[in-house]
Structures are given as structure tokens and as C-alpha cells.
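Notes follow once the structure below has been shown.
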Amino acid sequence: SALRAVMLDLKIGKVLVQPDPETKQRRLLYSKLPKDVTKNFVMLLDPILASGSTAIAAIKHLLEVGCKEDQISFVTMIACPEGIENIFQKYPKISIVTSMLDDGLDQNKLLVPGIGEFSDRYFGT
């Protein structure tokens, strides 16, 4: 809502990517994008960039619906070198914006030092 407050004509879409319970591979569960999404620059927002697998799945979906790679910016609060590298290996024309770079990932692919599970903190669970 803060972004919408300064960009009154902003169009917002939603993409939900989650791991498959059995394979642990990321899969698209939901997508609702503006009809003209392919004609605009896209800001893909996610609070945390760890391994990059969720972002890669979302970017793949945006490309499948016709968005151009060089018109997608991934915006995150905290990232790590491994996640950035994984995205750029697959999609070198993507731009990434982050406010903080953590040291890396632990054996569970969580950020170190990190802030824990973002959704737990956000939803108070």
C-alpha cells in the first residue's frame, strides 16, 4: 500500500509460488496479473532472496505470459550472494534491487545470519 500511495496508477498482480511437498521443487499455485502486464515494466517483490528458487519460478512464469526479461526487476529487503548468482545464471537481464546483503546460506538454505522465517515474523506465528 505504501508503493500505491506514491504511484496512484500502479497496477498490482499477484503470483504465489510454493514448494511441492514431495519434490520440494517450486511450483506456481496462483497467478493474477494485469491484462497488459506484458506492456509494462514489472517489479517482482519478495521480502527475502535466499537460494533464488522461488524468484526463478516466478520469473519463469512472467516470461511464459510474455513479459520481457529486461523489463523485470526483482526487489527484496534481504538477499545473499548465492540467490543473486542463481538468478543471474538463469536470467542475466533481470535487475535485482536489495537493501541488504547477508553472508550466505546455511545447510538448510536459510540466510545467515538472517532474520528467521519472514512469514512467521510477518504473521506472528
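The values are calculated or read from the model by the stated rules, or taken from the named source; none is laboratory data. These figures come from a predicted structure and were not determined experimentally. Backbone-built Cβ (ideal geometry, glycine too); neighbour counts: all protein chains shown. Please note that ligands, DNA and RNA were not included when accessible areas were found on the heavy atoms of the full protein model with its side chains. Shrake-Rupley method; radii C 1.70, N 1.55, O 1.52, S 1.80 Å.
Exactly one condition in (1) closer than 26 Å to L101 by Cβ; (2) of a type outside the set (F, W, Y); (3) touching a strand residue (DSSP E or B) at 6+ places or on another chain (Cβ under 6 Å); (4) open to solvent by less than 40 Å² (accessible area, probe 1.4 Å) is false for D20; which is it?
Here D20 clears every test but (1).
Does any residue in region 97-110 that is more than 11 Å from P81 (Cα to Cα) and in contact (Cβ under 8 Å) with a residue 40 or more places away in the chain come within less than 9 Å, Cβ to Cβ, of a residue that is of a type outside the set (A, V, I, L, M) and open to solvent by 50 Å² or more (accessible area, probe 1.4 Å) six or more places away or on a different chain, and which pairs are these?
As it stands, the answer is K109/E82; L110/G116; L110/E117, since those pairs meet every condition given.
Being under 21 Å from L110 (Cα atoms) and of a type in the set (S, T, N, Q) is the filter; apply it to region 39-91 and report the residue that is surrounded by the fewest Cβ atoms within 10 Å (Cβ to Cβ).
Only one residue fits best here, namely Q89.
Return the total of residues in region 1-17 being open to solvent by 90 Å² or more (accessible area, probe 1.4 Å), closer than 20 Å to T76 by Cα and of a type outside the set (G, A, S).
The qualifying residues number 5.
How many residues are among the acidic types (D, E) and surrounded by fewer than 20 Cβ atoms within 10 Å (Cβ to Cβ) if we restrict to region 92-105?
1
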